[in-house]
1. Once Lys and Arg get +1 and Asp and Glu get -1 on their Cβ, which of 94, 21, 75 lies farthest toward the positive end of the dipole of segment 1-117?
2. Could you give the angle, 0 to 90 degrees to the nearest 10, between helix 13-30's Cα long axis and the longest principal axis of the Cα atoms of the chain?
3. Restricting everything to alpha-carbon atoms, can you work out Rg to Rh for segment 99-178 with a Kirkwood hydrodynamic radius?
4. Stick to the Cα atoms of segment 13-95, pair each with every other, and give me the Kirkwood hydrodynamic radius in Å at one decimal.
5. Could you give the nm distance between label points at residue 156 and residue 75, where each point is 7 Å from its Cα heading toward the beta carbon?
6. Treating only the Cβ atoms of Lys and Arg (+1) and Asp and Glu (-1) as charged, compute the dipole magnitude of the chain about its Cα centre; round to the nearest 20 debye.
7. Counting Lys and Arg as +1 and Asp and Glu as -1, what is the net charge of the other residues whose Cβ lies under 11 Å from the Cβ of residue 45?
8. Cα gyration tensor of segment 1-143, axes a ≥ b ≥ c as square roots of the eigenvalues: rounded (a/c below 1.5), prolate (a/b > b/c) or oblate?
Amino acid sequence: MAQNVVRKPPLDWLAGGLLLGLVQVAAIGLAKPLGVSTQFVVADTKLLDAAAPDYVTAHKLISSDKYRKLGYGWWLDIGIIVGAAVAALATRRWRVQTSTVWWSETRGPGAASRMVACFIGGMFILLGARLAHGCTSGQFASGWAQLTLAAVPFTITLFGFAMLTAMIVYPKTPRIES
């Protein structure tokens with residue numbers, strides 16, 4: 001296979017989306033809406049509590065039990081990592097890589113610039129999630145699974161900005177495997 005060719009996914013997008021939706025509905029039925037970014041605040045609170053417990057106790061937000069206890073969200077995060085590893089191994093697509101076909105096609109093979117861009121992008125995502133007191137995965141996926149009205153304009157805005165960002169970050173499209 002050529003270096004700059006995007007491989008076909010092992011699962012059709014429609015089947016994958018339906019499967020993800022069913023898992024989301026089941027998770028909401030069994031626990032509560034899913035969210036990942038809260039666990040970063042929980043981890044920070046745990047570290048702060050070890051270093052400055054008085055600060056954590058006095059803090060209006062992180063003093064609540066939601067940010068002081070390890071809950072189901074930790075298992076969700078662990079499940080995401082383990083599930084991704086199992087899927088990659090099961091489909092024989094696992095390999096260590098420092099860049100993607102899309103990044104290499106547009107920005108070159110350098111790993112450092114991609115790592116910096118990923119770090120900055122991740123910081124923006126977490127900052128936005130925390131400023132909104134929620135998370136994009138929770139609003140998008142859980143919102144649709146619960147049929148909330150707020151999910152509709154959020155999804156339209158999310159996908160609109162995602163497409164705009166993709167066009168800016170990846171102006172060149174690699175060849176897709178046929």
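Derivation of every value follows stated rules applied to the coordinates shown; laboratory data play no part. Since we're looking at a predicted model, the values are computed, not measured. Here the Cβ is made from the backbone with ideal geometry for all residues, glycine too, and neighbour counts use every protein chain on show.
1. Of the options given, the answer is 94.
2. Long axis of 13-30 versus the principal axis of the chain: about 10 degrees.
3. 1.06
4. 15.0
5. 3.8
6. Using Cβ point charges on Lys, Arg, Asp and Glu, the chain gives about 340 debye.
7. Numbers: positive: 46, 66, 68, 69; negative: 44, 49, 65.
So the surrounding residues net to +1.
8. oblate
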